[in-house]
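> Handing you a structure now.
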Amino acid sequence: QVRLVESGGGLVQAGGSLRLSCAATGGSFIKNVMGWFRQAPGKAREFVAAISWTDGSPLYVDSVKGRFTVSRDNDESTVYLQMNSLKPEDTAVYYCVSPRPHGIGWPRIPGSWGQGTQVTVSS
């Protein structure tokens with residue numbers, strides 16, 4: 001069973017930056033493929049960014065393209081989400097996610113979730 005631990009959330013002004021980190025342990029099938037979802041108050045969880053299962057390329061939801069960057073450190077089994085030019089609408093709990101076995105449904109249907117880290121962007 002994979003365990004995901006996020007860090008790096010906090011409060012930032014609009015236009016600012018934050019970097020989230022997620023460390024993974026367990027789950028030999030992961031291939032260091034992980035990603036991020038978020039959930040804003042009163043809204044459903046949504047996909048934000050992920051490392052592709054097939055070729056390791058970055059994947060993004062349209063609303064964060066050009067502002068967020070997902071990357072990984074293979075040696076440390078860690079994935080990062082660099083968030084620049086933050087907007088109030090980016091305020092949410094951000095969850096690190098990892099795939100189901102064989103990457104089925106990835107990235108829209110994760111297999112494991114972290115506990116979440118709060119990101120608040122003030123206007």
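> Hand me the chymotrypsin sites (Phe, Trp or Tyr not before Pro) from the range 1-103 located in a DSSP loop with no more than 16 other Cβ atoms within 10 Å, in residue order please.
Listed in order of number, the matching sites are PHE29.
> Given 0.36 nm per residue, what is the gain on full extension from ASP75 to SER7 after removing their alpha carbon distance, in nm?
That pair, ASP75 and SER7, stretches by 22.7 nm at full extension.
> List the relative contact order of the chain as a percent without decimals, with contacts defined as Cα pairs under 8 Å and 6+ residues apart. Spell out each step's value before the answer.
Details: 300 pairs, mean separation 42.6, N = 123.
The normalised contact order for the chain reaches 35 percent.
> How large is the translational diffusion coefficient of the chain in µm² per second when you combine the Kirkwood radius over alpha carbon pairs with Stokes-Einstein at 20 °C and 1.002 mPa s?
In µm²/s, the coefficient is 151.
> If I take R0 = 25 Å and measure r between the Cβ atoms of ARG19 and SER123 in this structure, what FRET efficiency does the formula 1/(1 + (r/R0)^6) give, to the nearest 0.05?
So the FRET efficiency works out to roughly 0.75.
> Something else: Each label point is 7 Å from the Cα along the Cα-to-Cβ direction; what then is the distance between the points at LYS65 and SER85, in nm?
1.3
> Could you pull out every residue, at least 5 positions away or on a different chain, whose amide H is within less than 5 Å of the one on GLY116? Hs are placed 1.01 Å off N in the peptide plane, and Pro or chain starts have none.
So GLY116 has HN proximity to GLU6, CYS96.
Laboratory data are not the source of any read-out in this text; all were calculated from the coordinates shown. Predicted model, so just to flag it, every value in this text is computed and none were measured. So basically every Cβ, Gly included, is an ideal-geometry build from the backbone, and we count neighbours across all protein chains shown.
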